[in-house]
Amino acid sequence: MHVSIIGMGRMGAAMAGTIGRAEFALTVYNRTRESAEAVAAATGASVADTPAAAAAAGDVIVSSLADDVAVRDVYFGPEGLAAGVGQGSIVVETSTIDPKVVGEIGELIDEAGAHLVDAPVSGSVSLVEQGALTIMAGGDAAVIDRAMPVLDALSARVFHVGDRGAGATVKLAVNALVHGINNALSEALVLAEKAGVERATAYEVFAAGAGGAPFVQYKTAAFADPAGTPVAFSLDLVAKDLQLITGLGDRVGAPMPVTKAGLELTKEAISAGLGDHDMSALAVWLRGEA
């Protein structure tokens with residue numbers, strides 16, 4: 001099975017490493033070619049010149065892109081992914097995007113005679129590298145089964161959550177929960193610090209108690225040492241997620257008061273210059289250190 005991966009951001013590059021270690025034949029593409037070449041040098045992958053060329057090379061094509069705009073740019077057009085995808089190939093869309101966009105690109109892939117699975121992921125770069133993501137797959141069960149060798153290499157668990165588009169919906173719901181935890185954790189930590197408790201002590205208690213979710217565990221370094229820990233997920237991307245989540249809530253009639261408040265707080269932190277910092281930098285903003 002030949003796998004093509006489109007998008008060499010943090011997650012896409014990590015996916016390429018994991019897929020390469022699983023000994024699939026691998027092709028990579030990125031709009032900035034230098035990023036793809038760096039991944040290829042580390043993994044032995046081939047580099048495609050266009051999304052169409054990457055799609056043509058793959059039995060399974062994995063897309064990992066930043067947002068709706070990037071996804072549309074990659075799929076559409078004479079050199080787009082849909083122009084190159086082969087009959088019967090499977091496109092696995094892992095980006096966090098609006099379910100409406102899943103519908104758009106799904107129709108495009110159907111017209112090309114291929115199959116689209118929307119399969120966004122939950123987890124950090126470290127979990128990609130361990131092959132321990134959680135994947136929420138929407139689409140035809142038989143197509144998902146055919147893609148399972150690739151999905152299994154990337155994940156600890158794959159949930160088939162419904163028809164195409166359900167993966168994107170569940171991912172937004174998951175991220176509403178994750179970003180809510182991040183906001184509450186930031187507030188609680190700063191509260192304890194400003195009341196005189198050592199940061200490390202407060203965090204250790206949080207991680208050991210009822211609120212010690214997996215997110216709290218793997219973000220320990222980021223909250224303990226914001227300046228010295230690599231960015232895993234930026235506040236700019238948090239804002240993008242929260243806008244998608246609140247937009248979906250408005251469309252389906254689901255009130256999202258906590259998420260809307262979190263969006264406003266995130267916008268304030270971004271306005272203070274923290275947009276390219278990790279999501280844990282919300283605590284930096286609340287401390288008044290931005």
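Values in this text are rule-based calculations from the coordinates and carry no lab data. Computed from a predicted structure; not experimentally measured. Don't worry about glycine lacking a Cβ; one is built from the backbone with ideal geometry, like all the others, and counts go over all protein chains shown.
A few remarks follow.
- Counting charges near L151 (Lys, Arg +1; Asp, Glu -1) among other residues having Cβ under 12 Å from its Cβ returns a value of 0.
- In summary, region 74-164 shows an alpha-carbon radius of gyration equal to 1.07 times the 2.2 N^0.38 Å reference for compact globular proteins.
- Taking N as its residue count, the alpha carbon Rg of region 184-250 over 2.2 N^0.38 Å: 1.29
- Selection of GluC sites (Glu not before Pro), region 133-238, meeting DSSP coil and at most 15 other Cβ within 10 Å: E198
- Contact order normalised by residue count of region 121-206, Cα under 8 Å, 6+ apart, percent: 25 percent
- Gaussian network model of the chain, Cα within-10 Å springs - most flexible of V92, V69, V121: V69
- Rounded, prolate or oblate (a/c below 1.5 giving rounded, otherwise prolate when a/b exceeds b/c) for region 1-147 by Cα gyration tensor: rounded
- When Rg and Dmax are taken over the Cα atoms of region 171-222, they come to 11.3, 37 Å.
- Net lengthening on full extension, A254/E289 (0.36 nm per residue, minus Cα-Cα): 9.1 nm
- Using the alpha-carbon positions of region 249-290, Rg (one decimal) and Dmax (whole number) come out as 12.4, 38 Å.
- Nonlocal amide H pairs with L133, under 5 Å, H built at 1.01 Å: S155, A156
- Viscosity 1.306 mPa s, temperature 10 °C, Stokes-Einstein D of region 169-287 from Kirkwood C-alpha radius, µm²/s: 109 µm²/s
- With Cα atoms, 0 to 90° folded angle of helix 99-111 axis to the chain main axis: 10 degrees
- Relative to the longest principal axis of the Cα atoms of the chain, the long axis of helix 10-21 makes an angle of roughly 50 degrees.
- Global size of region 126-235: 17.3, 57 Å for Rg and Dmax (C-alpha atoms, Rg to one decimal, Dmax whole).
- Other residues lying with their Cβ under 12 Å from the Cβ of G273 contribute a combined charge of -4, Lys and Arg counting +1, Asp and Glu -1.
- In this simple spin-label model, placing a label point 7 Å from the Cα along the Cα-to-Cβ direction at both V69 and A141 gives a separation of 4.0 nm.
- Cβ crowding within 10 Å ranks M11, M1 as M1, M11, fewest other Cβ atoms first.
- The simple spin-label model puts a point 7 Å past each Cα toward its Cβ; for D225 and A208 those points are separated by 2.2 nm.
- Using the Karplus relation 6.51 cos²θ - 1.76 cosθ + 1.60 with θ = phi - 60°, the per-residue 3J(HN,Hα) values for region 73-80 come to 4, 6, 7, 8, x, x, 10, x Hz, with x marking Gly and Pro.
- Remark on the chain: ratio of C-alpha radius of gyration to 2.2 N^0.38 Å is 1.02.
- For the chain, calculated [θ]222 nm from helices alone, where every DSSP H run of n ≥ 4 adds -39500 (n - 2.57): -16500 deg cm²/dmol
- Relative contact order of the chain, defined on C-alpha pairs under 8 angstrom at six or more residues apart (%): 13 percent
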